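Derivation of every value follows stated rules applied to the coordinates shown; laboratory data play no part. Treat the numbers as computed from the prediction; the structure is a model and nothing was measured. FYI the Cβ positions are ideal-geometry reconstructions off the backbone, even for glycines, and counts take in every protein chain you see.
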Amino acid sequence: MKTNRNGQALVLSTAELDLLIEELPGGVHTVLASVCRRTGCRISEARQLKWENIFPGGITFPKSVCKNKLESRTIPIFSNLYDLLMEWKKEQELIKGEQLSPGAWVFVGRFGDKPITRQAHGKQLQKTIKRLGLLGVSSHSYRRSALTSASSKGLPLKAIQTLSGHKSLAVLSKYLEVSEQERMNVAQAFA
């Protein structure tokens, strides 16, 4: 469990993720958390997205925002996330009074010229998890929860790796939590 920035972030259930995102302050924090949850990306990758990176059916994380900046990756998304992002864009255009350019930040910081910081989202997240009594949760919980959920549905680790951006299955496996029921299923399958 993660405490004082040490350890691994807690993996949340679908219901816990729903509650957490619903309880975050509306707007930028809710949409940012939804992108992380639905794509399994890092908060630092999501916060640096530009509108040119989002298209019907996918989000491309350019290598300039990915960890180690080695290669970009495209994550398929479904209409519910795309629609949420387009609603967010319309809200931002109404506030700004003009159309946003493709090179504009999706998650603008408080001064309008840079993306939101990890710390700004982290501050709101910490207030929310404290209010909800969730111990060990951090912004990395979105990523660990997404990857663990895919793994527990029996999806191939190699397929998960292509979306997570991990360079090896060994590193990916450190992110995945194994439930007691999954352990029991494996023990039962022993010959």
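Using 28 Å as the Cα-Cα cut-off, could you pick out the over-long pairs in 69/130; 90/123; 96/167?
Violating the 28 Å Cα-Cα cut-off are 69/130; 96/167.
Output ³J(HN,Hα) for the range 125-130: one whole-Hz value per residue in order, computed from phi by the Karplus curve 6.51 cos²θ - 1.76 cosθ + 1.60 with θ = phi - 60°, and x for Gly and Pro.
5, 4, 4, 5, 5, 5
About its Cα centre, how strong a charge dipole does the range 5-86 have in debye, to the nearest 20, once Lys and Arg get +1 and Asp and Glu get -1 at the Cβ?
The calculation lands at about 520 debye.
Long-range amide H contacts for residue 108: which residues qualify at under 5 Å (H placed 1.01 Å from N, peptide plane, sequence gap of 5 or more or a different chain)?
116
Fewest to most neighbouring Cβ within 10 Å: what's the order for 143, 38?
Sorted ascending by nearby Cβ count, the order is 38, 143.
What 222 nm value per residue comes from the helices of the chain, counting each DSSP H run with n ≥ 4 as -39,500 (n - 2.57) and dividing by all residues, nearest 500 deg cm²/dmol?
After summing the helix terms and dividing by the residues of the chain, the value is -15500 deg cm²/dmol.
Using θ = phi - 60° and the Karplus relation 6.51 cos²θ - 1.76 cosθ + 1.60, list the HN-Hα couplings for the range 50-62 in order, rounded to whole Hz, with x at every Gly or Pro.
10, 4, 5, 8, 10, 8, x, x, x, 10, 9, 9, x
Per Stokes-Einstein, at 10 °C and 1.306 mPa s, what whole-number D in µm² s⁻¹ belongs to the chain, with the Kirkwood radius over Cα pairs as the hydrodynamic radius?
It diffuses with D of about 90 µm²/s by this estimate.
Using Cα pairs closer than 8 Å and at least 6 residues apart in sequence, work out the relative contact order for the range 14-137, in percent.
Rounded, it is 27 percent for the range 14-137.
Give me the Debye-computed log₁₀ of I(q)/I(0) at q = 0.15, 0.16 Å⁻¹ for the range 43-141, equal point scatterers on Cα only, no solvent, two decimals.
Values, matching the q order: -0.72, -0.81.
Order these peptides, 39-45, 128-134, 91-97, by their mean beta-carbon neighbour count within 10 angstrom, highest first. Write down the numbers at each step before the final one.
Details: 39-45: 21.9, 128-134: 13.7, 91-97: 11.9.
Packing proxy ranking, top to bottom: 39-45, 128-134, 91-97.
In sequence order, what are the phi-derived ³J(HN,Hα) couplings for the range 67-76 according to the Karplus relation 6.51 cos²θ - 1.76 cosθ + 1.60 with θ = phi - 60°, rounded to whole Hz, with x for glycine and proline?
Taking θ as phi minus 60°, the curve returns 4, 6, 6, 8, 7, 7, 8, 10, 10, x Hz for the range 67-76.
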